[in-house]
């Protein structure tokens, strides 16, 4: 597939469409061949590319870190062991700085979130047409390679964090304490309706902000790569300009993909710390 084979609008829409599996209008199940067909498949449709790349990158993360853990040695560590130890020390420092309670689950969760989201974001640095082009040769109509540009993925992760926040809020404070926070803060018992509204909005805003921040930044970054790729079909001068812009944006984007993984991890730690604290 190339930009020349499509209009600019078709090229952009093609790169922004997920490979979707679901139920067709005639009742059969299969892959959607058009964006309209994917939309008609409804809630129970699955974005196969998002699921596939997410699981693959998670497996790569587990394989690499498990391999280092099995081969760990005292003394001067090797390159990969040194890199993994540096990441673990970095995450441990972030947890110690933001989490004031004691919970042995938080640091492993933070490590998993940071590395997994970083790897998913890192897929944005692959040339925009390589993997979709291979998918086209294999007969697949669409292929998005960056899972975090799919709001289904970012909301899935954010909702998982939200459920943990609810669980630890109830576990640490009890049902009465948790309900009391929602209904008695900050105006006391006489301001119950206002308290419930303010605290309820604040609670719901946590997963929404987590999901939309990651999705919005990665979607915008992917869109810029797509627009730069269109320049390669506009002649030698535009192609040369596009090559320079692509390189410059890729270098800058390394900071963005790392920062977004770090922000998601840090906010998760902060939200869990808040869930462990009891207001008086």
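Answer yes or no as to whether residue 93 is within 24 Å of the chain's Cα centre (by Cα) and more than 30 Å from residue 36 (Cα to Cα).
Spelling it out, residue 93 is indeed within 24 Å of the chain's Cα centre (by Cα) and more than 30 Å from residue 36 (Cα to Cα).
Determine, yes or no, whether residue 196 is farther than 18 Å from residue 270 by Cβ, part of a helix (DSSP H, G or I), modelled with pLDDT under 85 and touching a helix residue (DSSP H, G or I) at 6+ places or on another chain (Cβ under 6 Å).
no
Look at the range 34-78 and say how many of its residues are more than 19 Å from residue 150 (Cβ to Cβ) and in a loop (DSSP other than H, G, I, E, B).
8
How many of the residues making up the range 79-116 are surrounded by 11 or more Cβ atoms within 10 Å (Cβ to Cβ) and assigned to a loop (DSSP other than H, G, I, E, B)?
Result for the range 79-116: 3.
Yes or no, residue by residue, for (1) touching a residue at least 24 places away in the same chain (Cβ under 8 Å); (2) surrounded by fewer than 18 Cβ atoms within 10 Å (Cβ to Cβ):
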residue: 241; (1), (2): no, yes
residue: 245; (1), (2): no, yes
residue: 250; (1), (2): yes, yes
residue: 254; (1), (2): yes, yes
residue: 258; (1), (2): yes, yes
residue: 261; (1), (2): yes, no
residue: 264; (1), (2): yes, no
residue: 271; (1), (2): yes, no
residue: 277; (1), (2): yes, yes
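Taking residue 186 and the conditions (1) free of Cβ contacts under 8 Å to residues at least 40 places away in the same chain; (2) assigned to a helix (DSSP H, G or I); (3) more than 25 Å from residue 159 (Cα to Cα), which numbered condition does it fall short on, given that it satisfies the others?
(2)
Check 211, 239 and return the single one that is at pLDDT below 95 and either under 30 Å from residue 163 (Cα atoms) or assigned to a helix (DSSP H, G or I) (or both).
From the options 211, 239, the qualifying one is 239.
Confirm whether residue 211 is in contact (Cβ under 8 Å) with a residue 12 or more places away in the chain, out of contact with any strand residue (DSSP E or B) (no Cβ under 7 Å at 6 or more places or on another chain), over 30 Å from residue 14 (Cα atoms) and surrounded by 14 or more Cβ atoms within 10 Å (Cβ to Cβ).
So residue 211 fails the test.
Give just the number: which of (1) in contact with a helix residue (DSSP H, G or I) (Cβ under 6 Å, 6 or more places away or on another chain); (2) more than 26 Å from residue 265 (Cβ to Cβ) does residue 234 not satisfy?
(1)
Does the range 52-74 include one or more residues that are farther than 21 Å from residue 109 by Cα and either at pLDDT 95 or above or in contact with a strand residue (DSSP E or B) (Cβ under 6 Å, 6 or more places away or on another chain) (or both)? Working first, answer last.
The initial filter retains those residues of the range 52-74 that are farther than 21 Å from residue 109 by Cα, namely 52, 71-74.
Still in the running and either at pLDDT 95 or above or in contact with a strand residue (DSSP E or B) (Cβ under 6 Å, 6 or more places away or on another chain) (or both): 52.
Checked the range 52-74: at least one residue is farther than 21 Å from residue 109 by Cα and either at pLDDT 95 or above or in contact with a strand residue (DSSP E or B) (Cβ under 6 Å, 6 or more places away or on another chain) (or both).
State which residue is farthest from the chain's Cα centre (by Cα) when the search covers only the range 5-33 and only residues that are free of Cβ contacts under 8 Å to residues at least 24 places away in the same chain and part of a helix (DSSP H, G or I).
Of everything passing the filter in the range 5-33, 5 is farthest from the chain's Cα centre (by Cα).
Determine whether residue 173 is over 28 Å from the mean Cα position of the chain (by Cα), crowded, with 16+ Cβ neighbours inside 10 Å and part of a helix (DSSP H, G or I).
Criteria met by residue 173.
The values are calculated or read from the model by the stated rules, or taken from the named source; none is laboratory data. Because the structure is a prediction, the values reported are computed rather than measured. So basically every Cβ, Gly included, is an ideal-geometry build from the backbone, and we count neighbours across all protein chains shown.
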